[in-house]
Amino acid sequence: SEPLPFNKSDQRKIMIVLTDGSNSAPYHYEGYYGCYDDKNRGNAGPCWQTGDTPDLDTDGLNNLTLDSCKAIRDDYGVEIFTVAVDVNSASAKKVLRDCAGDDSKAYDVTGADLASTFELLAMRSLRLTK
């Protein structure tokens, strides 16, 4: 059956963000398709950028991530849990805490702890249904 509407007050919507690292721009990315790091497509001519697409450096990606997380939480009422797996970067961990919107919903674990973390998440606050 299809999911219940987002505005149904007796149901919780959740999202789990699982990552092993920091935001990093791919070699080819939206708004710069076919462009390389030096902003050159070779024989295809100069690179193009659509509208207000920001530079997708780490700060730009972090801002887009946090804007998306805020919209998911505030506009759609979805609870976000983040799980950082073997992440060493303090700034990446901060982005994940900020994304969750609540430090108690941000987990920082090792790969060996991943299964027990999901069990803890399920026991702590989730009732999963088919």
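The values are calculated or read from the model by the stated rules, or taken from the named source; none is laboratory data. None of these values were measured; they are calculated from a predicted model. Quick reminder, even Gly has a Cβ in these numbers, built from the backbone with ideal geometry, and neighbours come from all protein chains shown. What goes into the accessible areas is simple: the full protein's heavy atoms, side chains included, and nothing from ligands, DNA or RNA. Shrake-Rupley method; radii C 1.70, N 1.55, O 1.52, S 1.80 Å.
Taking amide H atoms as placed 1.01 Å from N in the peptide plane, the amide H of Lys13 lies under 5 Å from those of Glu79, each 5 or more residues away in sequence or on another chain.
Working note: Karplus 6.51/-1.76/1.60 with θ = phi - 60° gives the stretch 64-71 the couplings 4, 4, 5, 4, 5, 4, 4, 5 Hz, where Gly and Pro are set to x. Residues Thr58, Thr117, Thr19 ordered from highest to lowest accessible area at a 1.4 Å probe: Thr58, Thr19, Thr117. Taking all protein chains together and a 1.4 Å probe, the residues Ile72, Ile80 rank Ile72, Ile80 from largest to smallest accessible area. Residues whose amide H lies under 5 Å from that of Ala106, counting only those 5 or more places away or on a different chain, are Thr82; hydrogens are built 1.01 Å from N in the peptide plane. Extending 7 Å from Cα along the Cβ direction at Asp103 and again at Arg12 yields two label points whose distance is 2.1 nm.
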